[in-house]
Ligand code: SF4
Ligand code: SF4
């Protein structure tokens, strides 16, 4: 489809959906009007604006039907693996075994936003002593208690060590409630010392070989647990195949990101791009379908770029965005205020990097796990951000703080310091709670001010 | 002799001493007016105070921080950017049940040793290490200000005297929080178990004499790695330790203390309450001013009324 792109409301989408239906446009099995998700309680959808392409519709429907998919997988005899605090490593192993489905319980992070805090999950977390001083991922605890947002997995894994305290503490609370967890250690990534053999990691970080070997041994433990659950062994060849498939997803995303961040007119809005990036973490419980969804999105973007169509104007302020937003609506705000996304670091940049295919598969996974920007220093993370800012030609950086997140208190200061020093760009730090309604005028004013700063700098 | 500062109990002072350096467990006061790290919403004030106190100490030649919590990992980033004192980040695994995790800790101690040598310490001396470990066992002290007094400067148990026997459980306390012990005593309580990080819980168990003689570093690593803490995954050993200690101490109630932005301890409160067969009072401290005396006193007094 190559119509002029527009951002439309949910109601407009539903009308459009009806018209498309009468024209006989086919939908995947999980397709349908977006409005039906509101009936399930996803009321925030009413406040968002969506890209008008069929590819975007498919993306949204894919995202919003994950729970059905997980239940269907279980009914079909597959085993479910909840891969907690793991952004793109264990799922690659799980999807290399044909009777396992991995999902990301941490995804409950967005439930308070999508259901506009009506799900009751935060109240359950409160009652368990996990109050608003923790990040919105605490909703996951409520989801485990109610069992209504995802099925209770057959195996729960969780990486700990150089991870945020929020998640570590919440996972421990979950464990204390009787959910067994396979903990695996991810050490704080550090620079190799002179006497140590250095390994270059994806994302241009480096680490001592000893750390890679340690993480590999941890992942071997996880692999054994997955094999036990699957009742089959995971050989190097099958895993290499799984890595190749994961890399295909990452390759599609790399193309998408490149076009979305560099085309003269932005061909795909920030919100859809955020959702697309998230698919790389755990494939939304269906790796094959993830590939189809991303391919369609990429085709749409290619058509738009070729036709010279897109959003806003060619002189929209080019913004690099750090950290995901707890309220999805804020991605719409940026565009309303005259900005566009030109580069992102949503805490899982390593899940977008190609997994090395020139080293044995388990070592490759250890490398990618250690390349997580969050397991190293904030300064390391800032260096990667600086490189991406330059690559995509961003003109400003927004660091969005996640309320309660243990890493957010200080990282913005360090990232801001380094970005200003290296690139001389304006850096704005904002805090985005799951629902920004009460503060949206202030938020918009701050975004507008940043856009103005960018414009003023151009005219200097 | 050069002084190496640290605060985390997983840093073995004996290992620093074995390099011919003085180990100082720096429990922040905190020192007034220091602001290497300003007050920031969301940042644990203990971690902040530690860095600020290190920056304000002109007799510290090196500092060791650990990865036991995210705030410490993060303040280390700022420490190396803003303070000239050489700093070392010791990777202490959260998991403890695997040989690989134990090995990692041992390897980290060796790496710390290389840092200490670079700072002017000598190569680790086995005899010196054994001596330091024996001194620790005899309470003679390698922790700079006299072990275990480094911890007792904050509080520590007062096993004799009157008052309702209570356990104090939680993360670390700053020096100025010692007022808490007086408040508890004034309200009719008596701390019989100081299970804070700066109390008995932060002191590693006795060394095995035979293993100490054979391979002191291995014995040191094993003893320190066994320290129970809320941050271990799983943290079942903390509850096992508490169960024994609460029974031995005869505590009738628990006062649970944590700093406002300490997620790892904050999250433990509800679980501890469910688990303990004793009344539990929670005191969360802003840590950025003398403990809110009136509020604390009122809460402790109300708690003590339960025992009348
Ligand atoms: S948003 Fe930050 S604090 Fe929350 S779970 Fe993710 S990494 Fe942890
Ligand atoms: S009080 Fe808690 S958050 Fe603060 S340094 Fe100690 S363990 Fe870390």
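Laboratory data are not the source of any read-out in this text; all were calculated from the coordinates shown. Source: prediction; values computed, not measured. Cβ coordinates were reconstructed from backbone atoms using ideal geometry, including for glycine residues, and neighbour counts include every protein chain displayed.
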In a solvent-free Debye calculation with one equal scatterer on each Cα, what is log10 I(q)/I(0) for chain A at q = 0.09, 0.10 Å⁻¹, listed in the order of the q values?
-> -0.56, -0.71
What's the FRET efficiency of residue A:99 with residue A:193 using the Cβ-Cβ distance as r and R₀ = 56 Å, to the nearest 0.05?
-> 0.80
Alpha-carbon gyration tensor eigenvalues x 5, square-rooted, for segment A:270-339, Å = 23, 19, 8
Fewest Cβ neighbours within 10 Å first, please rank A:398, A:170 accordingly.
-> A:398, A:170
Using 1/(1 + (r/R0)^6) with R0 = 25 angstrom and r between the beta carbons of residue A:314 and residue A:440, what's the FRET efficiency to the nearest 0.05?
-> 0.40
Regarding segment A:12-90, what is the average projected area of its C-alpha convex hull, in nm²?
-> 7.0
Ranked output for segments B:43-53, B:222-232, A:72-82 by mean other Cβ atoms within 10 Å, highest leading, reads B:43-53, B:222-232, A:72-82
Extension gain from residue A:145 to residue A:19, taking 0.36 nm per residue of separation minus the Cα-Cα distance = 41.3 nm
Helix-derived [θ] at 222 nm for chain B: sum -39500 (n - 2.57) over DSSP H runs of at least 4, divide by residue count, nearest 500?
-> -12500 deg cm²/dmol
For segment A:243-393, Rg(Cα) over 2.2 N^0.38 Å is 1.05
Cα-based Rg of chain B per 2.2 N^0.38 Å, rounded to two decimals?
-> 0.97
Largest-first principal axis extents, alpha carbons of the protein assembly as shown, Å = 87, 64, 61
When you look at the Cβ of every residue in A:167-177, what mean number of other chain Cβ atoms sits within 10 Å?
-> 6
Take the eigenvalues of the Cα gyration tensor for segment B:1-147, scale each by 5, and report the square roots as semi-axes in whole Å, largest first.
-> 25, 19, 14
Where does segment A:391-443 land on Rg(C-alpha)/(2.2 N^0.38 Å)?
-> 1.26
Regarding segment B:24-108, what whole-number volume in Å³ per residue does the convex hull of its Cα atoms give?
-> 104
Over segment A:320-382, consider all pairs of different Cα atoms and compute the Kirkwood hydrodynamic radius from their mean reciprocal separation; express it in Å, one decimal.
-> 13.7
Take peptide B:266-278, look around each residue's Cβ out to 10 angstrom, count Cβ atoms belonging to other protein chains, and average those counts.
-> 4
Chain A, helix-only ellipticity at 222 nm - DSSP H runs n ≥ 4, -39,500 (n - 2.57), divided by all residues, nearest 500 | -15500 deg cm²/dmol
Measuring from label point to label point, each 7 Å out along Cα→Cβ, what is the residue A:123 to residue A:74 span in nm?
-> 2.4
Roughly how many whole Å is it from the C-alpha centroid of segment A:385-411 to that of segment A:273-313?
-> 23
May I ask for the angle, rounded to the nearest 10°, between helix B:45-56 and the longest principal axis of chain B, with both axes built from Cα atoms and the value confined to 0 to 90°?
-> 50
Segment B:155-307: mean projected area of Cα convex hull, nm² = 9.7
Inter-chain shielding of A:44-53 (mean C-beta neighbours from other protein chains, 10 Å cut-off) | 0
Once segment A:143-281 is represented by equal point scatterers at the alpha-carbon sites, with solvent omitted, what log10 I(q)/I(0) does the Debye formula produce at q = 0.12, 0.14, 0.17 Å⁻¹?
-> -0.77, -1.03, -1.29
